[in-house]
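The block underneath contains the structure these notes are about, expressed in structure tokens.
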Amino acid sequence: METVLSLMGAPINYYDAGVGATIPRINEMGEIMSYEQLGTGIVAGIISATILGLALYLIKSAWKAKIEPWWENKLYGDARIDGEWKSELHATETEPDIEEVTIRQTGHKVEGDISCTSGPDSGRKYRFTGCIKNQILSGYYWNIDKTSIDSGSFSLRLEQDGCVLVGHTVYYNDQKHSLLSRQYTWTRNRMPVGQSTIEKPNETGRRPQQDAQQDVSGAV
């Protein structure tokens, strides 16, 4: 009895020759295929699958790194806060900590770096991540020194026509072994060229914040 199957695109004839009989491997040309030829086909299939997987990975990476941020910024209509800021943290009763802050923004999501230039924590560097919605920036920061447990969170409100962020931070004090709340103020130095803190009008010709206020008024 003859059964015709296909392996790697080349038909192979298997003959029922009984138990213990040698089964020949015959290709479409009537030639007996060696194990080396079979191995070559298998290796070619593995290479093709690897190349396809790599291509899909590169497409996914490009989407997340370029296309997705561009699309989020295109749809975003709230305040822009990316750029350079100077912050002031009153961690002690005497000298405040003065910091330089760099914000990178994609839609509502923000991230950046904090470098303390003067004060009790002078020389320390932090990284933060968070989001801004309805003029409120909420975030979490941590010391880039992995041997340090210095970290905290903050909530700041955008004021003075987008030039100042004012609020409080809550952080862990390793000397008092407790959580402390302190006033936190960020002042804008400059923002990326071509960007504005002014909200863009939507399809109704009104800014998102105006629509939100109108909705609240209608509800009342």
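Counting only residues that are at pLDDT below 70 and either closer than 30 Å to Gly107 by Cα or of a type in the set (Phe, Trp, Tyr) (or both), segment 36-68 holds 0 of them.
Yes/no matrix, rows are residues, columns are (1) crowded, with 16+ Cβ neighbours inside 10 Å; (2) under 18 Å from Asn189 (Cβ atoms); (3) more than 18 Å from the chain's Cα centre (by Cα):
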{"residue": "Thr102", "(1), (2), (3)": "no, yes, no"}
{"residue": "Gly107", "(1), (2), (3)": "yes, no, no"}
{"residue": "Lys146", "(1), (2), (3)": "no, no, yes"}
{"residue": "Ile149", "(1), (2), (3)": "no, no, yes"}
{"residue": "Gly162", "(1), (2), (3)": "yes, yes, yes"}
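Scan segment 82-105 and tell me whether some residue there is of a type outside the set (A, V, I, L, M, F, W, C), part of a loop (DSSP other than H, G, I, E, B) and at positive phi. Checked segment 82-105: no residue is of a type outside the set (A, V, I, L, M, F, W, C), part of a loop (DSSP other than H, G, I, E, B) and at positive phi.
State whether the residues of segment 118-134 include one that is part of a strand (DSSP E or B), among the acidic types (Asp, Glu) and either modelled with pLDDT under 90 or out of contact with any helix residue (DSSP H, G or I) (no Cβ under 9 Å at 6 or more places or on another chain) (or both). No, segment 118-134 contains no residue that is part of a strand (DSSP E or B), among the acidic types (Asp, Glu) and either modelled with pLDDT under 90 or out of contact with any helix residue (DSSP H, G or I) (no Cβ under 9 Å at 6 or more places or on another chain) (or both).
Residues of segment 174-189 that are in contact with a His (Cβ under 7 Å, 6 or more places away or on another chain) and not aromatic (Phe, Trp, Tyr): Ser181, Arg182, Gln183. Checking segment 74-91 against the condition returns no match, with no residue being over 30 Å from Ser151 (Cα atoms), modelled with pLDDT of 60 or more and polar (S, T, N, Q). Screening segment 135-144 for residues that are assigned to a strand (DSSP E or B) and among the aliphatic types (A, V, I, L, M) and picking the one that is farthest from the chain's Cα centre (by Cα) gives Ile136. When we screen Ser87, Ser178, Ser155, Ser122 for residues that are small (Gly, Ala, Ser) and without any contact (Cβ under 8 Å) to a residue 12 or more places away in the chain, the only hit is Ser178. Scanning segment 108-135 for residues that are among the basic types (Lys, Arg) and closer than 17 Å to Val166 by Cβ yields a single hit, Lys133.
The values are calculated or read from the model by the stated rules, or taken from the named source; none is laboratory data. The structure displayed is predicted, hence computed values, not measured ones. Quick reminder, even Gly has a Cβ in these numbers, built from the backbone with ideal geometry, and neighbours come from all protein chains shown.
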